[in-house]
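Below: one structure, written as structure tokens.
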Amino acid sequence: MVDSLSYALGDTISAAAGAIQSHESLFVVLMKSFSNLAIPLLLFVVPLIGFVKKVKVYEVFIDGAKEGFNIAVRIIPYLVAILVAIGMFRASGAMDVFVRIFSPITRLIGMPAEVLPVAIMRPLSGSGSLGIITDLLKTHGPDSFIGRLASTMFGSTETTFYVLAVYFGSVGIKRTRHAVAAGLTGDLVGLLMAVLICRIVFG
Amino acid sequence: MLNYIWLFLMLVSILVGAVNGRLGEVTKAAVDSASTAVEISLGLIGIMALWLGIMKIAEKGGIIRVLARLIRPIGKFLFPRIPEDHPAIGLMLMNLVANWLGLGNAATPLGLKAMESLQSLNKKKDTATNAMVVFLALNTASICIIPMTIIAVRTELGSKNPFEIISTTFLASLCATIAAVTAAKLLQRLPSFKKTDPDLEEERKDEDGRQ
């Protein structure tokens, strides 16, 4: 029962992935051109609509832009707190300890031990996890299973702690309530799904 | 929770660093990271000014409100306490779309503008509202349509098909986003988080006042 369910789930995911993959070149071209055009389009359309709606575009732009400095400065203490803690963690070699603790669990779900550091680093540091992944791609090759899995893991979630520090910092929120728990749940599910989906798609 | 995680990271780093004989590196990392944090923040000023300026025009021109109206049903479901067609909804939509397209530079200023708008509805300025937590859940587990950074690395390292991870990444990130939002929605019902909910706190005060 569970087996047939997981097969059915696997088939659905492979089919979905296959459908995306077969149109990939067209899809990629479309998305890329859309990404490249989005910003010039915004910079063209917004002031134009503003002008049509009788907004004093230049003055209003200056009014809005003034805030940029204040927000950037307001973020500083939040970012110092989180980046210092993460920087120290990376430098201390604590990662190896965590890999040793978690590797029996990750082996059970079919996650290769090599990608475990990616999973631990991903919510903490974008540049840190990208560094680990680049190393893995160099050692195992970008087209190996480990290479593909590590690549998928990078995009499967965002750098939770950085986002929390910047977003909450910008408005001065110190009591974050359940935001960390929700963010980490997303990280965990994204990383586990990366393993599952890569197992199904790349075998 | 950030209290515990922060404390944990600091203490573990020092302890493990001492055991590994890497205290020197740990100290250097602390000092360097503090400088990096300031550099990152100050580096945001220009791009923030640009997008906040453009967004002010979009706000005054009524564009943000139109966007909010476009996704009214989704907005209502995700952010039930945000008034209908409030600019915060439009700003959050712009931030999320920028994120999904991989426009990180534009996404952050838009997101911070959205946070400012959410904060204007917040009655307790140092505490996150449920809407903020849901919005951050959408951001911390952002859906990734084209992972440009990793595709660039794969291309550089000679991958035969650097794009083959697009579909797997998209599906995994979609699951992550659904999970994060679901977690945010479920956790806000727990008594300990209800107790700190700024919206409910105001209601409780109102009731007390009436009695």
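The values are calculated or read from the model by the stated rules, or taken from the named source; none is laboratory data. Fair warning: this is a prediction, and the values are worked out from it, not measured in the lab. No Cβ is skipped: glycine too gets one built from the backbone with ideal geometry, and neighbour counts run over all protein chains shown. Heads up: the accessible areas ignore ligands, DNA and RNA and are worked out on the full protein's heavy atoms, side chains in. Shrake-Rupley method; radii C 1.70, N 1.55, O 1.52, S 1.80 Å.
Could you state the number of Å between the C-alpha centres of region B:85-155 and region A:127-203?
One Cα centre to the other: 17 Å.
Given a Förster distance of 30 angstrom, what is the FRET efficiency for B:S192 paired with B:K76, based on the Cβ-Cβ distance and rounded to 0.05?
With R0 = 30 Å, the Cβ-Cβ based efficiency is 0.70.
Rounded to the nearest 500 deg cm²/dmol, what is the calculated helix-only ellipticity per residue at 222 nm for the protein assembly as shown, with -39500 (n - 2.57) per DSSP H run of length n ≥ 4?
About -26500 deg cm²/dmol.
Return a whole-number percent for the relative contact order of region A:72-135, with Cα pairs under 8 Å and 6 or more residues apart as the contact set. Show your work: numbers first, answer last.
On the way: 23 pairs, mean separation 14.2, N = 64.
Here the relative contact order equals 22 percent.
Have a look at A:V201, A:L137, B:L96 and report the one farthest towards the positive end of the charge dipole of the protein assembly as shown, computed about the Cα centre with Cβ charges (Lys/Arg +1, Asp/Glu -1).
Farthest towards the positive end: B:L96.
My understanding is that a pair violates if its Cα-Cα distance is over 22 Å; which of A:K66/B:K76; A:K66/B:K124; A:K66/B:K60 do that in this structure? It would help to have the intermediate numbers written out before the result.
Working: A:K66/B:K76 32 Å; A:K66/B:K124 25 Å; A:K66/B:K60 16 Å.
As for pairs spanning more than 22 Å Cα to Cα, those are A:K66/B:K76; A:K66/B:K124.
Sequence gap at least 6, Cα distance under 8 Å: using those rules, report the relative contact order of chain A to the nearest whole percent.
Value for chain A: 23 percent.
Tell me which lysines have Cα within less than 27 Å of A:K138's Cα, excluding those fewer than 8 residues away on the same chain?
A:K32, B:K160
With θ taken as phi - 60° and the coefficients 6.51, -1.76 and 1.60, list the Karplus ³J(HN,Hα) couplings across region A:176-189 in order, rounded to whole Hz; mark glycine and proline as x.
Rounded to whole hertz, the list is 8, 6, 8, 5, 5, 4, 5, x, 5, 4, x, 4, 4, 5.
Would you work out the relative contact order for chain B, in percent, from Cα pairs under 8 angstrom that are 6 or more residues apart?
Answer for chain B is 15 percent.
Rounded to the nearest 20 Debye, what is the dipole magnitude of chain B about its Cα centre when Lys and Arg each give +1 and Asp and Glu each give -1 at the C-beta?
Charge dipole, chain B, about its Cα centre: 340 debye, nearest 20.
How large is ³J(HN,Hα) for each residue in region B:45-62, as worked out from phi by the Karplus curve 6.51 cos²θ - 1.76 cosθ + 1.60 (θ = phi - 60°), to whole Hz, x for Gly and Pro?
Ordered by residue, 3J(HN,Hα) equals 3, x, 5, 5, 4, 4, 6, 5, x, 4, 5, 5, 4, 4, 5, 5, x, x Hz.
By accessible area of protein heavy atoms, probe 1.4 Å, what ranking do A:I105, A:I86, A:I49 get, highest first?
From most accessible down to least: A:I105, A:I49, A:I86.
For region A:96-105, what does the Karplus curve 6.51 cos²θ - 1.76 cosθ + 1.60, with θ = phi - 60°, yield as ³J(HN,Hα) per residue in whole Hz, taken in order and with x for Gly and Pro?
Karplus-based 3J(HN,Hα) across region A:96-105 equals 4, 4, 5, 4, 5, 5, 8, 4, x, 6 Hz.
How far apart, in nanometres, would the label points at A:F34 and A:S103 be if each is projected 7 angstrom from Cα along the Cα-to-Cβ direction?
4.2 nm
How big is the dipole moment of the protein assembly as shown about its Cα centre under a simple scheme where the beta carbon of each Lys and Arg is +1, that of each Asp and Glu is -1, and everything else is neutral? Debye, nearest 20, please.
Computed about the Cα centre, the dipole is about 660 debye.
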